[in-house]
Amino acid sequence: MRKRIISLALLMGLAFPAFSDDLTVKPDAPSRYTVARGDTLWSIAGHYLQSPWRWPELWRMNRDQVRNPHWIYPGNVLVLDYVNGRPRLSLASDVQREVKLSPQARPEEQDRAIASIPAEAIEPFLARPLVVDPAQFATGPRLVAGPDERLSITQSDRVYASGVTENGTWQAYRLGKQLVDPDSKEVLGVEAVYGGDLAVDKLRPDIQTLTVRSVAGEVLVGDHLVRAPKAAFVNYVPRRPEEDLRGKIIAVYQGIDGAAQYSTVAINLGERNHIEPGLVFGIYKKGNSITIADAAGKKRETQLPTEQAGSLFVYRVFDKVSYALVLDSLGALYVGDSIATPED
């Protein structure tokens, strides 16, 4: 298993959250907490705050931590105290790290520092284009033949391509659905459907031979090929947008009808809207229209208020769209739901 070490200092990047005075701790928040395997900084903050994305404020993160980084591991004991009336979470100085190994747990698993958000939920998407330019794809390398007459290509099959110019790992894609702004009807991009990874065996001027290393969905003759980038998991400090940005969920990845916790969704905001990885948005659902009667029995139509139904965390940004992870929800979320600055 690949070892990942992440420090709180590295989570800072170049952004330092501004502390506010309205950070309220839950009444039942534990005064001491022992970090467990599988915890994240977000999930730990959920024991203390109604809005877990504000964990940088709870940790009182500052530039000193960049110069003198420390690590948060399973077994660490955290202590909640107050400084000048403001809550602070820190490592206990009077307790050594408790490490309890189960028969299934290996020592290196216990020695892996915890991440800010669930890494496994977004890692598969970090090394994939997700949004592509159809015109560029049309002139790029493609699979031209499979191992035989079978339509389906499986792992370990030998296949043939045209246009591949470098050794190494390539990824197979086909064009998916258009991502359309629900209000302006502008086409914001075309979603790429990932098929699998292939490795080059032989480079020839006309036809190249590759072996299918893995299949995620399906690999088909005619698929486009792109050079596989190096995968890199990066944590970002969650923070609210500095300006009043409003948008909508325009797609749930891979065409699933509804989104729930840890689903990946596309939003109609991108680099051109000053979106950056790490931004947190609230997800808002419009209230239903209902009929009510006054004291005289006269009926009228009224609209229930719009309520925040969840939050999402932006982790991939393209020019006109971004992809985000739903980190909490009060129910199913759908294409067309609005996003805006979180309420608190």
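The values are calculated or read from the model by the stated rules, or taken from the named source; none is laboratory data. Since this is a predicted model, take the numbers as computed values, not measurements. Positions of Cβ are generated from backbone atoms using ideal geometry, with glycine treated the same way; all protein chains shown enter the neighbour counts. When the accessible area is computed, the model is the full protein with side chains, heavy atoms only, and any ligands, DNA or RNA have been set aside. Shrake-Rupley method; radii C 1.70, N 1.55, O 1.52, S 1.80 Å.
At 1.4 Å probe size, what's the solvent-accessible area of His274? Round to the nearest 10 Å².
His274 exposes around 120 Å² with every protein chain in place.
From the gyration tensor of the Cα coordinates in the range 250-292, what semi-axes in whole Å does the equivalent ellipsoid have, largest first, with each one equal to sqrt(5λ)? Display every interim value, and only then the final one.
Working: eigenvalues 125, 53, 21 Å².
In descending order the semi-axes read 25, 16, 10 Å.
Starting from the residue with the highest accessible area, list Ser322, Ser93, Ser152, Ser263 in decreasing order, probe 1.4 Å. Present the calculation step by step, with values, prior to reporting the outcome.
On the way: Ser322 0, Ser93 125, Ser152 70, Ser263 25 Å².
From most accessible down to least: Ser93, Ser152, Ser263, Ser322.
At 1.4 Å probe size, with no ligands or nucleic acids counted, give the accessible surface of Glu307 in Å², nearest ten.
Spelled out: Glu307, probe radius 1.4 Å, area about 100 Å².
Taking 0.36 nm per residue of sequence separation and subtracting the Cα-Cα distance, how much length would be gained by fully extending the chain between Ser90 and Ala332, in nm to one decimal? Write down the numbers at each step before the final one.
Values: separation 242, 0.36 × 242 = 87.12 nm, distance 3.51 nm.
Taking 0.36 nm per residue and subtracting the Cα distance, the gain is 83.6 nm.
Students sometimes get this wrong: rank Arg240, Arg60, Arg54 by accessible area, probe 1.4 Å, all chains present, largest first. Spell out each step's value before the answer.
On the way: Arg240 85, Arg60 60, Arg54 10 Å².
Largest to smallest exposure gives the sequence Arg240, Arg60, Arg54.
Express in nm, to one decimal, how much length is gained between Ala199 and His274 on full extension, taking 0.36 nm for each residue of separation and deducting their alpha carbon distance. Walk me through the numbers on the way to the answer.
Working: separation 75, 0.36 × 75 = 27.00 nm, distance 3.69 nm.
Here the answer is 23.3 nm.
If we sort 26-37, 132-143 on the protection proxy, mean other Cβ atoms within 10 Å, highest first, what's the order?
Put in order of decreasing packing, that is 132-143, 26-37.
Which listed residue (Gly163, Leu188, Ala121) has the Cα farthest towards the positive end of the charge dipole for the range 105-194, taking +1 on Lys and Arg C-beta and -1 on Asp and Glu C-beta about the Cα centre?
Final value for the positive-end residue is Gly163.
Using only alpha carbon pairs under 8 Å that are at least six residues apart, calculate the relative contact order of the range 240-344 and give it in whole percent. Walk me through the numbers before you get to the answer.
On the way: 257 pairs, mean separation 41.4, N = 105.
Reported relative contact order: 39 percent.
By accessible area of protein heavy atoms, probe 1.4 Å, what ranking do Lys177, Lys298 get, highest first? Before the final figure, lay out each step's value.
On the way: Lys177 80, Lys298 140 Å².
The most accessible residue leads, giving Lys298, Lys177.
May I ask you to evaluate 6.51 cos²θ - 1.76 cosθ + 1.60, the Karplus curve with θ = phi - 60°, for each residue of the range 304-314 and list the ³J(HN,Hα) values in order in whole Hz, giving x for glycine and proline?
Couplings: 5, x, 6, 10, 6, 10, x, 8, 9, 10, 6 Hz.
Can you give the charge dipole size of the range 118-224 about its Cα centre, rounded to the nearest 20 debye, using +1 on the beta carbon of Lys and Arg and -1 on the beta carbon of Asp and Glu?
Numbers: 10 positive and 16 negative charges, 60 e Å.
The calculated dipole for the range 118-224 is roughly 280 debye.
Can you tell me which lysines have their Cα less than 28 Å from the Cα of Lys185? Leave out same-chain residues fewer than eight positions away.
Candidates past the 8-residue exclusion: Lys177, Lys248, Lys285, Lys286, Lys320.
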